[in-house]
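Beneath this line is the structure, given in structure tokens, with notes to follow.
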């Protein structure tokens, strides 16, 4: 077994104590690490289901982006759909450069969901503690979960201070809050769902402005967990001002994993990758503020866009809506800005109307485009005075 990075002496000792978890007979043997070692807190036995663990799935080193995602398979807090909601998801994440960890968390009826939460928080802390070992940035550690595993991920996002009061080792000193969460057809409030209110404690009611951003996926025809469970969560995130994205696909039932058999709903993984890139989770480069002014024939454009498209992979797009009311000036704030490096600058003109008109008169039959290569650097100021001849449809 090979490891990336150099472990401090104490970290190496802890790592060796945890890196021999047990697997079921006949399972696909892979690299794994026990969350707690020989005596997990609140353990009721010594079977495999009493030993929570992570399996580790690494991308090709040449494509690794330094992002880590813990995958929680679903199963109603009674079982784990570890193939199509576990290892297969991990392998897809590897294909986009993400280091994945599939979580085996403790389940009912032997363990209540607050024990599952303790395992999830320990998993996040463990990945952060060994971030150098796994070649990831401890500030880009997310959690993706399906159904009950999605509830567990959301629970970790809003109850990350809920853990065993005992500090067993240095791992417990790490932050248990995920940097982002991806709930897929997740239960978010058992009481409002009308089933298992005591197990599926409400996460929507605990959302605050400090809750991490979320990418939410559901199916309209889900017969097990209604899509309203996701809209509950989205509404709470929206009210709190937390960056979020929600996709509810018309077709598809519950428990579909990557949904590879549906060419439409199966695009959720592509959308997730785009979201991770846009939010900056796929790069270690810092984002920069960009200011400027665009004039067309010495006047502000009527209506359009300024967009910076990076040439380097996994860097975020940066853009701002333009309107003549701003006199041609624009600012892309640092939290939405581009990273340093070569970009394609696109100026898009949609209308020449400075103000909306009640006449119904058309001013531009086709959207017009201007493109230019620019290098983004700190303090970049984009001042452009363009003519109509420089645009094309």
**Request:** Kindly indicate the residue of segment 350-371 that is assigned to a strand (DSSP E or B) and touching a helix residue (DSSP H, G or I) at 6+ places or on another chain (Cβ under 9 Å) and also farthest from residue 315 (Cα to Cα) among those meeting that condition.
**Result:** 368
**Fill in**
Per the filter on segment 303-342, residues assigned to a strand (DSSP E or B) and farther than 19 Å from residue 391 by Cβ are 310, 318, 329, 331, 332, 339, 341, 342
**Item:** Test: residue in segment 202-216 that is more than 16 Å from the chain's Cα centre (by Cα), farther than 22 Å from residue 68 by Cα, at pLDDT below 95 and assigned to a loop (DSSP other than H, G, I, E, B)
**Value:** no
**Request:** Read through the list (1) more than 22 Å from residue 170 (Cα to Cα); (2) touching a residue at least 60 places away in the same chain (Cβ under 8 Å); (3) surrounded by 14 or more Cβ atoms within 10 Å (Cβ to Cβ), then give the number of the only condition that residue 87 fails.
**Result:** (2)
**Request:** Give 208, 99 a once-over and let me know the one that is in the same structural domain as residue 229 (by TED's automatic domain parsing) and over 30 Å from residue 250 (Cα atoms).
**Result:** 99
**Message:** Could you go through segment 151-167 and let me know if any residue there is touching a strand residue (DSSP E or B) at 6+ places or on another chain (Cβ under 9 Å) and outside any helix (DSSP H, G or I).
**Reply:** no
**Message:** If residue 205 satisfies all but one of (1) under 27 Å from residue 141 (Cβ atoms); (2) surrounded by 15 or more Cβ atoms within 10 Å (Cβ to Cβ), what's the number of the condition it fails?
**Reply:** (2)
**Message:** Residues that are surrounded by 13 or more Cβ atoms within 10 Å (Cβ to Cβ) and without any contact (Cβ under 8 Å) to a residue 12 or more places away in the chain: does segment 305-320 have at least one?
**Reply:** no
**Prompt:** Is it true that some residue in segment 221-240 is surrounded by 21 or more Cβ atoms within 10 Å (Cβ to Cβ), out of contact with any helix residue (DSSP H, G or I) (no Cβ under 6 Å at 6 or more places or on another chain), touching a residue at least 40 places away in the same chain (Cβ under 8 Å) and not in a helix (DSSP H, G or I)?
**Reply:** yes
**Request:** May I ask you to list the residues in segment 241-257 that are in contact with a strand residue (DSSP E or B) (Cβ under 9 Å, 6 or more places away or on another chain) and either assigned to a loop (DSSP other than H, G, I, E, B) or outside the structural domain of residue 72 (by TED's automatic domain parsing) (or both)?
**Result:** 242, 243, 250, 251, 252, 253, 254, 255, 256, 257
**Request:** Considering each of 43, 11 in turn, give the residue that is at pLDDT 65 or above, more than 29 Å from the chain's Cα centre (by Cα), buried (at least 16 other Cβ atoms within 10 Å of the Cβ) and at negative phi.
**Result:** 43
**Asked** So which residues in segment 14-31 are under 14 Å from residue 119 (Cβ atoms) and either assigned to a helix (DSSP H, G or I) or modelled with pLDDT of 85 or more (or both), if there are any at all?
**Response** 18
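Yes/no matrix, rows are residues, columns are (1) within 11 Å of residue 212 (Cβ to Cβ); (2) out of contact with any helix residue (DSSP H, G or I) (no Cβ under 7 Å at 6 or more places or on another chain); (3) outside the structural domain of residue 102 (by TED's automatic domain parsing); (4) part of a helix (DSSP H, G or I):
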{"position": "132", "(1), (2), (3), (4)": "no, yes, no, yes"}
{"position": "138", "(1), (2), (3), (4)": "no, no, no, no"}
{"position": "182", "(1), (2), (3), (4)": "yes, no, no, no"}
{"position": "191", "(1), (2), (3), (4)": "no, yes, no, yes"}
**Request:** Check residue 306 against each of (1) at pLDDT 95 or above; (2) within 23 Å of the chain's Cα centre (by Cα) and name the one condition it does not meet.
**Result:** (2)
**Complete:** Flagged pairs (Cβ under 7 angstrom, 6 or more apart or on separate chains; first in segment 273-291, on the phi < 0 side of the Ramachandran plot; second buried (at least 20 other Cβ atoms within 10 Å of the Cβ) and modelled with pLDDT under 95) are none
**Complete:** Checking 120, 186 in turn, the sole residue that is touching a helix residue (DSSP H, G or I) at 6+ places or on another chain (Cβ under 7 Å) and either outside the structural domain of residue 63 (by TED's automatic domain parsing) or in a loop (DSSP other than H, G, I, E, B) (or both) turns out to be 186
**Prompt:** Do we have any residue at all in segment 95-102 that's part of a helix (DSSP H, G or I), at pLDDT 95 or above and over 14 Å from residue 75 (Cα atoms)?
**Reply:** yes
**Message:** For segment 258-279, give me each residue that is within 13 Å of residue 180 (Cβ to Cβ) and assigned to a loop (DSSP other than H, G, I, E, B).
**Reply:** 279
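The values are calculated or read from the model by the stated rules, or taken from the named source; none is laboratory data. Please read all numbers here as calculations on a predicted model, not as lab measurements. Using ideal geometry, Cβ is built from the backbone for each residue, glycine included, and neighbour counts are taken over all protein chains shown.
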